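Okay, so here's the structure we're looking at.
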Amino acid sequence: MNLIEGLLTFSRTGQKQVEKEEVNMKEFIQMVYASIKPANQDQANNINLVIETLPHACIDKKMFNHVIQNLLSNAIKYAADRNPINIRWQSWQGDGEVIFAIHDNGIGFEPSKKEEIFKAFQRLHARTKFEGSGIGLAITERILRKHDGKIWAESTPGEGSSFYFSLPSNG
């Protein structure tokens, strides 16, 4: 996503009405992954994607496509030098919410930066090494807020990152 597209998406996301429907999250993640997985067969074969059994969720599929696409794309991008790239999705029931998690074995980031990554244009890694506009996680955070959810991350440099998001259990 280039910068102008990102800004337009960020702006529109704040104004758009949420139209929720019940979605099988495992199938939804698989569908989004199929649309973004590398065309190069060697690269695609290097990705070990595990999606555990996930509950259904009430989401706006059009908006949430961005959430899943961004989280998957980042996991692939920041683990590109790993062989294999390991990505695992899981979920569990919280107090009145369902928590989803995506874990990767990428380069990670300093734990002290975990709040910054959700702000527009806050990049932790050089543009020359990793492409992107620095707005994807800000859009993701905004979409989750519109769904009465939240997002947070944990990471260890050199060992990977985990991104978590919650959605209300009752939809």
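The values are calculated or read from the model by the stated rules, or taken from the named source; none is laboratory data. All values reported here derive from a predicted model rather than from experimental measurement. Note: ideal-geometry Cβ built from the backbone for every residue, glycine included; neighbour counts use all protein chains shown.
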Next item on the list: Sort out which residues of region 45-75 are exposed (fewer than 14 other Cβ atoms within 10 Å of the Cβ) and more than 24 Å from Gly94 (Cβ to Cβ), and write them in order of number.
Entry: Asn45, Asn48, Lys62
Notebook entry, point to check: Which of the residues that make up region 84-109 are more than 27 Å from Asp148 (Cα to Cα), among the hydrophobic types (A, V, I, L, M, F, W, C) and in a strand (DSSP E or B)?
Noted result: Ile85
Notebook entry, point to check: What are the residues in region 143-162 that are assigned to a loop (DSSP other than H, G, I, E, B) and touching a Pro at 6+ places or on another chain (Cβ under 9 Å), if any?
Noted result: His147, Asp148, Gly149, Pro157
Checklist line | Condition check for Ser91: touching a Phe, Trp or Tyr at 6+ places or on another chain (Cβ under 6 Å), at pLDDT 95 or above and of a type in the set (S, T, N, Q) | finding: yes
Next item on the list: Could you look through region 76-109, keep only residues that are among the small types (Gly, Ala, Ser) and buried (at least 21 other Cβ atoms within 10 Å of the Cβ), and pick out the one that is nearest to Thr140 (Cα to Cα)?
Entry: Ser91
Note to self: Condition first: surrounded by 10 or more Cβ atoms within 10 Å (Cβ to Cβ) and either of a type in the set (D, E, K, R) or in contact with a strand residue (DSSP E or B) (Cβ under 6 Å, 6 or more places away or on another chain) (or both). Now tell me which residues in region 34-44 satisfy that.
What the structure shows: Lys37
Next item on the list: Could you check how many residues of region 1-58 are assigned to a loop (DSSP other than H, G, I, E, B) and modelled with pLDDT under 85?
Entry: 7
Note to self: From the list Lys113, Lys77, Lys61, Lys119, exactly one residue is closer than 22 Å to Pro168 by Cα and among the charged types (D, E, K, R). Which is it?
What the structure shows: Lys61
Margin query: Checking the condition at positive phi, modelled with pLDDT under 95 and touching a strand residue (DSSP E or B) at 6+ places or on another chain (Cβ under 6 Å), which residue from Gly96, Gly108 passes?
Written below: Gly108
Next item on the list: Would you please list the contacts, defined by Cβ atoms under 7 Å and residues six or more apart or on different chains, that run from a residue in region 67-83 that is assigned to a helix (DSSP H, G or I) to a residue that is charged (D, E, K, R)?
Entry: Ala75/Asp104
